[in-house]
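Below is one structure, written out as structure tokens; the observations come after it.
The values are calculated or read from the model by the stated rules, or taken from the named source; none is laboratory data. All figures in this text were calculated on a predicted structure; none of them were measured in a lab. As a convention, Cβ positions derive from the backbone with ideal geometry for all residues, glycine included, and neighbour counts pool all protein chains shown.
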Amino acid sequence: KAGVTQTPRYLIKTRGQQVTLSCSPISGHRSVSWYQQTPGQGLQFLFEYFSETQRNKGNFPGRFSGRQFSNSRSEMNVSTLELGDSALYLCASCPGPNTEAFFGQGTRLTVV
Amino acid sequence: TQLLEQSPQFLSIQEGENLTVYCNSSSVFSSLQWYRQEPGEGPVLLVTVVTGGEVKKLKRLTFQFGDARKDSSLHITAAQPGDTGLYLCAGYHSGSGNTGKLIFGQGTTLQVKP
């Protein structure tokens, strides 16, 4: 079974731009969640989707948004990028509610 | 506040030594997971513990979930250089407001020297 696939692996963007990150979950997994990892804050929850519905959202500004498609693939978008948005963005898929989370390799976003 | 305090933050030991990493909280978790992460990669799931008092073994790694489901530990016996990495504990709280939301500890960076 293929694992969680995140694209792209690396991104460099300029302040003020917007970015879209993609995540393909493990086949059959309908829950997809997103996390931001930084050296100072560790891993912080962004949001979780199940069957195209956002069920939970972390404490991030409205510039961070996401969606899930009918095939369970998910995207997250960050608008008006700030330097502090530089981080490793991780996607995880779960077979069911609050079960084992399997992570992708992440997208390293650098904002300059 | 739903926090997971992980200790120690850094650990540098010689090959063959034993070590324990702790993960503590003041609140109850419905389940707790341990991950290992290499630089620039995503966390890799090692184990999930669900029942209070549960002990799981994975080769030289032993995981324990506290009786009250508020704490957990990871013990590595005879550490090897290949064990080097960032170890993370993460848990789910019960309740609708916690759906799909893993709370992570700050991580323990382990370095095992040959």
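Some values worked out for this structure:
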quantity: Subset of segment A:1-21 that is away from chain B (no Cβ under 14 Å), assigned to a strand (DSSP E or B) and not aliphatic (A, V, I, L, M) - its residue that is surrounded by the fewest Cβ atoms within 10 Å (Cβ to Cβ); calculated: A:THR20
quantity: Top-ranked residue in segment A:89-106 [being touching a Phe, Trp or Tyr at 6+ places or on another chain (Cβ under 9 Å) and under 15 Å from B:GLN37 (Cβ atoms); ranked as farthest from the other protein chains (Cβ to nearest Cβ)]; calculated: A:TYR89
quantity: Segment B:39-70 - residue that is small (Gly, Ala, Ser) and surrounded by fewer than 17 Cβ atoms within 10 Å (Cβ to Cβ) and, of those, nearest to B:THR84 (Cα to Cα); calculated: B:GLY40
quantity: Any chance B:GLY52 is more than 13 Å from chain A (Cβ to nearest Cβ), in contact with an Asp or Glu (Cβ under 9 Å, 6 or more places away or on another chain) and within 20 Å of A:VAL4 (Cβ to Cβ); calculated: no
quantity: Hey, A:PHE60 surrounded by fewer than 21 Cβ atoms within 10 Å (Cβ to Cβ) and either in a loop (DSSP other than H, G, I, E, B) or in contact (Cβ under 8 Å) with a residue 24 or more places away in the chain (or both) or not; calculated: yes
quantity: Flag for A:THR80 being in contact with a Lys or Arg (Cβ under 6 Å, 6 or more places away or on another chain), more than 9 Å from chain B (Cβ to nearest Cβ) and in contact (Cβ under 8 Å) with a residue 40 or more places away in the chain; calculated: yes
quantity: Condition met for B:GLY52 (in contact with a strand residue (DSSP E or B) (Cβ under 7 Å, 6 or more places away or on another chain) and within 23 Å of A:GLY40 (Cα to Cα)); calculated: no
quantity: In segment A:22-57, the residues that are outside any strand (DSSP E or B) and either farther than 13 Å from A:ALA92 by Cβ or in contact with a His (Cβ under 8 Å, 6 or more places away or on another chain) (or both); calculated: A:SER27, A:GLY28, A:PRO39, A:GLY40, A:GLN41, A:SER51, A:GLU52
quantity: Pair list, Cβ < 6 Å and 6+ apart or interchain, from segment A:35-52 residues that are more than 9 Å from every other protein chain (Cβ to nearest Cβ) and farther than 16 Å from A:ARG63 by Cβ to residues that are surrounded by fewer than 20 Cβ atoms within 10 Å (Cβ to Cβ) and not aromatic (Phe, Trp, Tyr); calculated: A:SER51/A:ARG30
quantity: Residue satisfying condition, being hydroxyl-bearing (Ser, Thr, Tyr), in contact with a Pro (Cβ under 8 Å, 6 or more places away or on another chain) and surrounded by 15 or more Cβ atoms within 10 Å (Cβ to Cβ), within set A:SER24, A:SER86, A:SER93, A:SER33; calculated: A:SER93
quantity: Those residues of segment B:12-31 which are within 14 Å of chain A (Cβ to nearest Cβ) and at pLDDT below 95, in sequence order; calculated: B:VAL28, B:PHE29, B:SER30, B:SER31
quantity: Neighbours by Cβ (under 6 Å, 6+ apart or cross-chain): first from segment B:69-92, away from chain A (no Cβ under 14 Å); second small (Gly, Ala, Ser) and outside any strand (DSSP E or B); calculated: B:LYS70/B:SER25; B:ALA78/B:GLY16
